[in-house]
Every structure is written in C-alpha cells, then in structure tokens.
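Before any comments, here is the structure.
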Amino acid sequence: MSASFRNTRYRQAHQGVATPAGGIATFSSPEVARPGAPTATLTPARLPIGPLLPVVGGNLAAPLAGGRTARAVNLDYAASAPALQAVADHVAEVLPYYASVHRGAGYASQVSTALYESARQTVGAFVGARPGDLTIFTRNTTDALNLLAHAVPADGEVIVLDAEHHANLLPWTSRPHRLIPTAGTIADTVAALEAALAERPAALVTVTGCSNVTGEILPIAEIARIAHAHGARIAVDGAQLVPHRKVDIAALDVDYLAFSGHKIYAPFGSGVLIGRSDWLDAAPPHQAGGGAVRSVNAEGQADWTTGVARHEGGTPNVVGAAALAAACRAIAELPEDAIEEHEAALSARLLEGLTQIPGVRVLRAWSDSTDRVGVVGFTIEGHEAARVAVYLSAEHGVGVRDGKFCAHPLLNRLGVTGGALRASLGLGSRSEDVERLVHAVRTLVTDGEKLDYELIDGAWAPVNDDRPAPSWSTWGATNPVDKGSECGF
Ligand SMILES: Cc1ncc(COP(=O)(O)O)c(C=O)c1O
C-alpha cells in the first residue's frame, strides 16, 4: 500500500474508523461468530482490513431466520455495488437544483444542464477519453453495447468471444458476427482472435475487460494492438473492469468502452458508452425523439443531430450522470493502486479460505491468467448453488450471487450446468466479510444446514421464514425472492 495517503477520508475508512455509513438500520458489532485465528496469533497479514471508502448501507442489519440479526455482509458487488457515501452526499447536494436539462432558461435548469455536461467531462476524463471521443450517457452497459451494435457499419463483421456476459454477446448476434470459442488459456484465446482476424477482415472485436464469472482480466492492450493491426476496431465491456482497475482508453488504444454506474457505486440509473465519433454520428439515433433532432418537417421527417445528443433522445438522467461523475471523482482521489491492493489482500484471504474447504472448486476460465479482480466464482460439490445462496443469507447474513451469471456459454464450457456461486468484493468490503463467508461455507460442508429449506415456486426458502422486512417493502410477503428471469440460472 502506498505510504502517501492523500486524503484523510481514505485513511480513516481503511483503518475501519470511518463514520458508519447511513442505512435503513445499522449494526455495530457482528453477532455471527467470526472464525479464524485468535487475536493473539494475528500476523500482519491477518490484521483486520476495513472498507476502503464508506458505502451507504455498509452497516445494514440483516435479519437471520430464527430471530437473530447480523450486519449484512454484501459480497455481491459485481451484480450491483452499494452507493459510495460520497455519491449519496453529492446526490443530496444537487437534488434541490434538479430541473429540466437542456430545455429550461430558469436558474435550476441552467445549473442542472451545467451539472449534466460537467458530469460528461468528468466521466470521460476518468477513463482517458480522447479529444473528439463521444461520452454518451446510457442506462447501463447493456444499453451502451446495444447502442454500439447499431452503430457498427452494416456490412462490417463483429468478432465476439463466447466467454462474454450476455450483454456483450446477444447485441451482436442479430448482425454479421463471428463467435469465437474461448480457449483454455489466454494465450490461445488471443491467438484464436488473431487467427479469426487474419482469416477475414472484421469491423470490430468486442471483449470483456474482466470476466464477471471468474474475475480474470484479459490483456486488453494486446488485443487492441492485434485488432488494429488487422484493420478492426476494439470495444471493451468495462462493466467489471472499470470499478476495479484504472482504465485509460487512450493509453490502451481502445476505441469504445461501456460501463455501468450501478457497478461503480453510483446506482442512480446511468451507464456510459465512450468512443470514436464517426460511426456514432452516422448511426441511427439510439432513441428517436426530442433532443436528438435539429428539426422535423411537416411530414415528420427528422434532421438528426450529431454528437452525443443524437443518442440521448428524451429527458436525460441528470442525477444518474452526476452520481456517476461523483463516483469517478471519489475513486480518482484514492492513492494509486489502493483499490488493487485492498482487493488483492481480501481476495487472497477469500481464495485461501475457500480452497481449503473440501469440495469447493474455484472457477477459472484460463489456466495462464495472472491478474484478477475481487470476483470469485465457485461451486461446492454436492450442494446446489441456489440453495447455498439462500442458506448463506438466512443463516449467516451473507449476500452472494448464484446462477449462471448471464454467461451461459462460459458456464457450460466450465462444466457448471447447475449454476455456481459468486462472491465479489469492492470498496466497502472488509476482511470480516470474507471471514463470515468462509466460515459459513466451511460450516455447511462440515455440519450442514441448521434450518430446513423448501422449494417454493422453484426457489429455495427456509421453512417458516420469519425474517421481517422494512415496513415499505413487500419482500416478506413475496418470499422467496422472484429472480425475474432465467438469467440467474
Ligand atoms: C461483464 C458484464 N458485462 C455487462 C453486464 C451488464 O451490465 P448491466 O446490467 O449494468 O447492463 C454485466 C452485469 O453483470 C457484466 O458483469
């Protein structure tokens, strides 16, 4: 860890003495027993690790089945990360000024418009956007990649890896594309991409920066170099990479980057597509409507504008954009490598703990990968992932993701047909979170579940689940949670 802590908030938070972040309810000391070595045997490597930055809900109390409570352990950052306290504070600060963007002459409208446009500058600069690049606000990564899919010249082929999240797979399948099977090593996968490009030119190679299943990072600069050498552009799905690593598209020579606010501590409905303007200026508008046109004639024919406005039809999400910019600012203020080191320390404990438990298999897509973020997919022999996830929540207050993580081809290739579990870390994570999960999995494997579980409408739930929900929530009435689609399976 860098010796020069540039800001006090960071230092306080990382030492675990930050002001508890606001939440619906808070819990100050863990009620669930913490496993591991007794205090007297703590080595420096075993010292407690606190959150890197305060997050909203970091001390939320979770009810356990049977009437107890515990601080909710959120190990599901890869799905949606909690808001940074700095983001929530900024949103509260700007809300009184909320008014229409780009449309009003009133004071609040002018302030909101400036806020929206400065957020665009901040977010673009955060990832190294070049002069001339467009930074288009979208709903999320899925929206951004769908936008791009309609902007690639119609006759251009797109090369896609089958290890992608569905968001970077399905938008491409309805247009000319080639799906490249992922090899067992990164070296062979990159070679397969190169061979595909050498066989026939393509307009675009689109890859994830980091697997949402295994946390393994792909060599983006190398893939960009290969794509460009063959006359193709490169798009990076940064949904999992940008929250964890410094990404500079100019330095990496990446043409397009997409990521989501809700995965980078700004859950206010904004995502972003950043990149070269020429295809985007020539593409059909992403959302036809007000704001995207210069003029419309009596027959309803539009003269579409160019630039970001072409793809931001309708009233923009100024709060979402401001929140995303606030998250970028807070992260940019951290000392260099702070996120990487925080996550590496927690990931090492998580991987060490999980791999010592009999029957646990940590998922890995590439045998030669050397770099990963704090996203760990795993299975437990003889235990159904969906049921384990419910057990972890009901008996230990631990939230993880289970299913096929919207990456069915990759899970199938890894031989995980019934779904897996995924623990993911972030800025608010602490060593106690990791210890709670490892303890819970070890207890499951050695002693089994304490409660009885039943399938209700195809989903596991504790029998007679008595966990209360906030008064405004319908959760208690609708247990078990409706996952909404097949995506989780
Ligand atoms: C690698 C990756 N790409 C894309 C997405 C889609 O993100 P969103 O749901 O915010 O559109 C996800 C979401 O989990 C992801 O992990």
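The values are calculated or read from the model by the stated rules, or taken from the named source; none is laboratory data. This structure is a prediction, so every number in the text was calculated from the model and none was measured. Note: ideal-geometry Cβ built from the backbone for every residue, glycine included; neighbour counts use all protein chains shown.
Hey, among the residues in the range 242-253 that are within 15 Å of the ligand (Cβ to nearest atom) and surrounded by fewer than 24 Cβ atoms within 10 Å (Cβ to Cβ), which one's nearest to residue 339 (Cα to Cα)?
245
Just the residues that are in contact with a Cys (Cβ under 9 Å, 6 or more places away or on another chain) and either of a type in the set (Asp, Glu) or farther than 18 Å from residue 150 by Cα (or both), please, taken from the range 164-182.
Once the filter is applied, which keeps residues that are in contact with a Cys (Cβ under 9 Å, 6 or more places away or on another chain) and either of a type in the set (Asp, Glu) or farther than 18 Å from residue 150 by Cα (or both), the range 164-182 yields only 165.
Quick one: which of 239, 235 is under 23 Å from residue 280 (Cβ atoms), part of a loop (DSSP other than H, G, I, E, B) and in contact with a Ser or Thr (Cβ under 7 Å, 6 or more places away or on another chain)?
Criteria check complete, one pass: 239.
Testing residue 345 on (1) crowded, with 20+ Cβ neighbours inside 10 Å; (2) assigned to a helix (DSSP H, G or I), one condition comes back false. Which one is that?
That leaves (1) as the condition not met.
Any idea which of 142, 206 is closer than 22 Å to residue 250 by Cα, polar (S, T, N, Q), surrounded by 20 or more Cβ atoms within 10 Å (Cβ to Cβ) and within 16 Å of the ligand (Cβ to nearest atom)?
Answer to the check: 206.
Only one of (1) under 16 Å from residue 311 (Cβ atoms); (2) outside any helix (DSSP H, G or I); (3) more than 16 Å from the ligand (Cβ to nearest atom); (4) out of contact with any Lys or Arg (no Cβ under 7 Å at 6 or more places or on another chain) fails for residue 117. Which number is that?
It fails just one condition, (2).
Given (1) in the same structural domain as residue 272 (by TED's automatic domain parsing); (2) under 30 Å from residue 465 (Cα atoms); (3) charged (D, E, K, R), identify the lone condition not met by residue 303.
Going through (1) in the same structural domain as residue 272 (by TED's automatic domain parsing); (2) under 30 Å from residue 465 (Cα atoms); (3) charged (D, E, K, R) one by one, residue 303 breaks only (2).
Among the residues of the range 220-233, write down those that are away from the ligand (no atom under 16 Å from the Cβ) and within 21 Å of residue 372 (Cα to Cα).
221, 222, 224
Tell me which of these residue 282 doesn't satisfy, since it passes every other one: (1) more than 16 Å from the ligand (Cβ to nearest atom); (2) more than 27 Å from residue 203 (Cα to Cα); (3) not β-branched (Val, Ile, Thr).
Checking residue 282 against (1) more than 16 Å from the ligand (Cβ to nearest atom); (2) more than 27 Å from residue 203 (Cα to Cα); (3) not β-branched (Val, Ile, Thr), the one that fails is (2).
Only residues that are hydroxyl-bearing (Ser, Thr, Tyr), in contact with a Ser or Thr (Cβ under 9 Å, 6 or more places away or on another chain) and either surrounded by fewer than 20 Cβ atoms within 10 Å (Cβ to Cβ) or assigned by TED's automatic domain parsing to the domain that holds residue 431 (or both): list them for the range 62-115, please.
Those that are hydroxyl-bearing (Ser, Thr, Tyr), in contact with a Ser or Thr (Cβ under 9 Å, 6 or more places away or on another chain) and either surrounded by fewer than 20 Cβ atoms within 10 Å (Cβ to Cβ) or assigned by TED's automatic domain parsing to the domain that holds residue 431 (or both): 77, 80, 97, 98, 100, 109, 113.
Can you find a residue in the range 186-203 that is among the small types (Gly, Ala, Ser), more than 14 Å from residue 226 (Cα to Cα) and either assigned by TED's automatic domain parsing to the domain that holds residue 319 or assigned to a loop (DSSP other than H, G, I, E, B) (or both)?
No, because not a single residue in the range 186-203 is among the small types (Gly, Ala, Ser), more than 14 Å from residue 226 (Cα to Cα) and either assigned by TED's automatic domain parsing to the domain that holds residue 319 or assigned to a loop (DSSP other than H, G, I, E, B) (or both).
Does residue 455 qualify as being aliphatic (A, V, I, L, M), at pLDDT 90 or above and part of a loop (DSSP other than H, G, I, E, B)?
No; evaluated as a whole, the condition is false for this residue.
Within the group 238, 184, 209, 215, which residue is touching a residue at least 12 places away in the same chain (Cβ under 8 Å) and at positive phi?
215
Which members of the range 65-92 meet the condition of being assigned to a strand (DSSP E or B) and within 30 Å of residue 112 (Cβ to Cβ)?
If the condition is that a residue be assigned to a strand (DSSP E or B) and within 30 Å of residue 112 (Cβ to Cβ), then 84 is the only one that fits.
Restricting the first residue to the range 150-165 and requiring it to be touching a residue at least 60 places away in the same chain (Cβ under 8 Å) and away from the ligand (no atom under 12 Å from the Cβ), which pairs with a second residue that is β-branched (Val, Ile, Thr) and assigned to a loop (DSSP other than H, G, I, E, B) meet a Cβ separation below 8 Å and a spacing of at least six or different chains?
Within 8 Å, the pairs are 162/182.
Picking from 335, 358, 285, 316, which residue would you name as being crowded, with 22+ Cβ neighbours inside 10 Å, in a loop (DSSP other than H, G, I, E, B) and modelled with pLDDT of 95 or more?
316
Name the residues in the range 288-304 that are part of a loop (DSSP other than H, G, I, E, B) and surrounded by 12 or more Cβ atoms within 10 Å (Cβ to Cβ), would you?
Within the range 288-304, 288, 289, 290, 291, 292 qualify.
Working only within the range 161-176, note down all residues that are among the hydrophobic types (A, V, I, L, M, F, W, C) and surrounded by fewer than 22 Cβ atoms within 10 Å (Cβ to Cβ).
If the condition is that a residue be among the hydrophobic types (A, V, I, L, M, F, W, C) and surrounded by fewer than 22 Cβ atoms within 10 Å (Cβ to Cβ), then 170 is the only one that fits.
The conditions are (1) within 16 Å of the ligand (Cβ to nearest atom); (2) assigned to a strand (DSSP E or B); (3) of a type in the set (S, T, N, Q), and residue 135 fails exactly one of them. Which is it?
Only one criterion is unmet by residue 135, namely (1).
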